[in-house]
Amino acid sequence: MTSTFTALLCLGLYLSQTIGAQTQILSKPIIWAKPNFMIPKGRPVKILCQGIPEATEYQLYFEGRLSAWQSPRQPGIRNIVSFPISAMTLLTAGQYRCIYRSGELWSNPSDPLDLVVTEMYDTPTLSVHPRPEVSSGDNVTFYCRLETATNMFFLLKEGRSSRPQPRYGNTQVGFPVGPVSTAHRGTYRCFGSYNNHAWSFPSEPVKLLVTDSWDPHLLTTNTAVQQDPALWNHTAQNLLRMGLAFLVLVVLGYLLTEGWLCRKRIQQTSRNRASSQEHRRRLNTVTPG
């Protein structure tokens, strides 16, 4: 009976440990490309993958197939491995994911990284209509044209967090944007492509300027201050005078407070002296001669 109970207890502990290990979830790693996800043909690029500090092995998958694996050189808080690509080509452009191992557990796959090779086709042209300088609330359309027929175009705003906008077309497509706000300000380029990961040369940049239509006076005032040195000097002098006046007020406040505290100390000393004298007088009166 005792042996049976012991066996059941061991089995229960084993099952609980196994279930606990299976239900443990590792956070998915972070994947990114350096210097960018768009790499000109023939240029090098690194794919970086970062997991938890306890990660001991990483695997890189390209289009769903295992491509490479390695262990971190210096495990720790910045547990990052690098998978270098010496030269971007059509064969290395595509979608990448990575996973890592900690102990006996493997993490879920990272978010996809779409690595793009550029400079594969002719250069498109980009224009914006009705004009590149608009007010907030207006609508604009970017037109990307490529003389060599293609089947896809991408519009990209320069910036680290920007995402390319795809649109299907033959020789020209329009990218409507709006109503615009100041967040749409920036420099745009477009690309032609035959698939998601092989793009043309970039177009010449087009800069979109968006002004706040709700407060033109503020824009006029700021522009005037920036362009008129005399007005700028006058503003600086006023700020200096205000700073000096504030400093004088602080000093006066300090002196007044110190004088008030000094008077309080003198009055307290006088009261203590008078009280001491009255106490001695009473003692002399009570004491027999």
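The values are calculated or read from the model by the stated rules, or taken from the named source; none is laboratory data. Owing to the predicted nature of the structure, the values given are computational and were not obtained by experimental measurement. Neighbour counts are summed over all protein chains in view; Cβ atoms, including those assigned to glycine, are modelled from backbone coordinates with ideal geometry. Note: accessible area is taken over every heavy atom of the protein model, side chains too, but ligands, DNA and RNA are not part of it. Shrake-Rupley method; radii C 1.70, N 1.55, O 1.52, S 1.80 Å.
Summary of computed values
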read-out: Ile52 accessible area, assembled protein chains, probe 1.4 Å, Å²; value: 40 Å²
read-out: Phi-based couplings in Hz for region 242-255 (Karplus 6.51, -1.76, 1.60; Gly and Pro marked x); value: 4, x, 5, 4, 5, 5, 4, 5, 5, 5, 4, x, 5, 5
read-out: 5 angstrom amide H check on Arg43, placed H, neighbours 5+ away; value: Met88
read-out: Under 20 Å from Lys34, Cα to Cα: aspartates and glutamates that are on another chain or at least 8 residues apart; value: Glu63, Asp111, Asp114, Glu119, Glu158
read-out: Debye log10 I(q)/I(0) for region 68-129, one point scatterer per Cα, at q = 0.16, 0.18, 0.19, 0.23 Å⁻¹; value: -0.74, -0.85, -0.91, -1.14
read-out: 5 angstrom amide H check on Ser135, placed H, neighbours 5+ away; value: Thr211
read-out: Leu247 - accessible surface, heavy atoms, 1.4 Å probe, Å² rounded to 10; value: 100 Å²
read-out: Label-to-label distance, nm, for residues given as His129 and Thr141 (7 Å Cα→Cβ offset); value: 0.5 nm
read-out: In sequence order, calculated HN-Hα J values of region 203-208 (Karplus, 6.51, -1.76, 1.60; Hz; x Gly/Pro); value: 6, 5, x, 10, 9, 9
read-out: Whichever lysines have a C-alpha closer than 22 Å to that of Lys28, once near sequence neighbours (fewer than 8 apart) are set aside; value: Lys46
